[in-house]
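What follows is a short report on a single structure.
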Amino acid sequence: MVMTRDVSAAVTCHHCEGAPCLEICPVNAITRENGSIQVNEQTCIGCKLCGIACPFGAIHPSGTSIAGVAGTMVSTPTFPKSLSPLLQWEIGVYTCAVKCDLCSYDPEGGPHCVPACPTNALTYVVDEGLSEQVKDRRIEAAVNQGAVQAALSELRKEAQQ
């Protein structure tokens, strides 16, 4: 989620057909499985190339600092807000790519962001229903176009009189 003073928007992975993140990964930690792009965090070397290549900014580097390990007293450093997460790094912290995996751990429930979205702006579309939905929208647009054309014809007739 990206939030500014005026706008809030979900930053979601588009699971691209020709996924640039998948193509650029030097260790093949990113794969396509069941129509979605998945990151194997154990294989990822944290090079951040996928985050640079992603046109939607949907891949984020993530890691646990040594301050997050029990028994250590080292505080987590703070970075200026202007510094991109792709440029932030900390000595001793393993970083790996993190992105939406369509809640692959819950195949029955699907992506949890869709029902959680407060404005119903997110939808999960699968290929089976997509062609029928596109067909219905085209028919609706054609009907609306016909209604607009009929109204314009009436207005032209009235204007000529």
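The values are calculated or read from the model by the stated rules, or taken from the named source; none is laboratory data. Please read these numbers as outputs of a predicted model, since none were measured by experiment. FYI the Cβ positions are ideal-geometry reconstructions off the backbone, even for glycines, and counts take in every protein chain you see. To get the accessible areas, we keep the full protein, side chains included, count just its heavy atoms, and leave off ligands, DNA and RNA. Shrake-Rupley method; radii C 1.70, N 1.55, O 1.52, S 1.80 Å.
Report the gain in length on full extension from Gln160 to Thr4: 0.36 nm times residue separation, minus Cα-Cα distance, nm rounded to one decimal.
The Gln160-Thr4 span can extend by a further 51.0 nm.
Between Ile45 and Val125, the simple spin-label model (points 7 angstrom out along Cα→Cβ) gives 3.7 nm.
Using a 1.4 Å probe on the protein heavy atoms, what percent of the accessible area of the range 1-48 belongs to carbon and sulfur?
49
Value of Rg to Rh for the range 93-161, rounded to two decimals, is 1.34; Kirkwood radius and Rg both from alpha-carbon coordinates.
Between Gln133 and Glu23, the modelled label-to-label distance comes to 2.6 nm, taking each label 7 Å out from Cα in the direction of the beta carbon.
Each of Asp106 and Thr12 was given a label point 7 Å from its Cα along the Cα-to-Cβ line. The distance between the two points is 1.4 nm. For the range 88-161, the list of GluC sites (Glu not before Pro) that fall in a loop by DSSP and count at most 10 other C-beta atoms within 10 angstrom reads Glu108.
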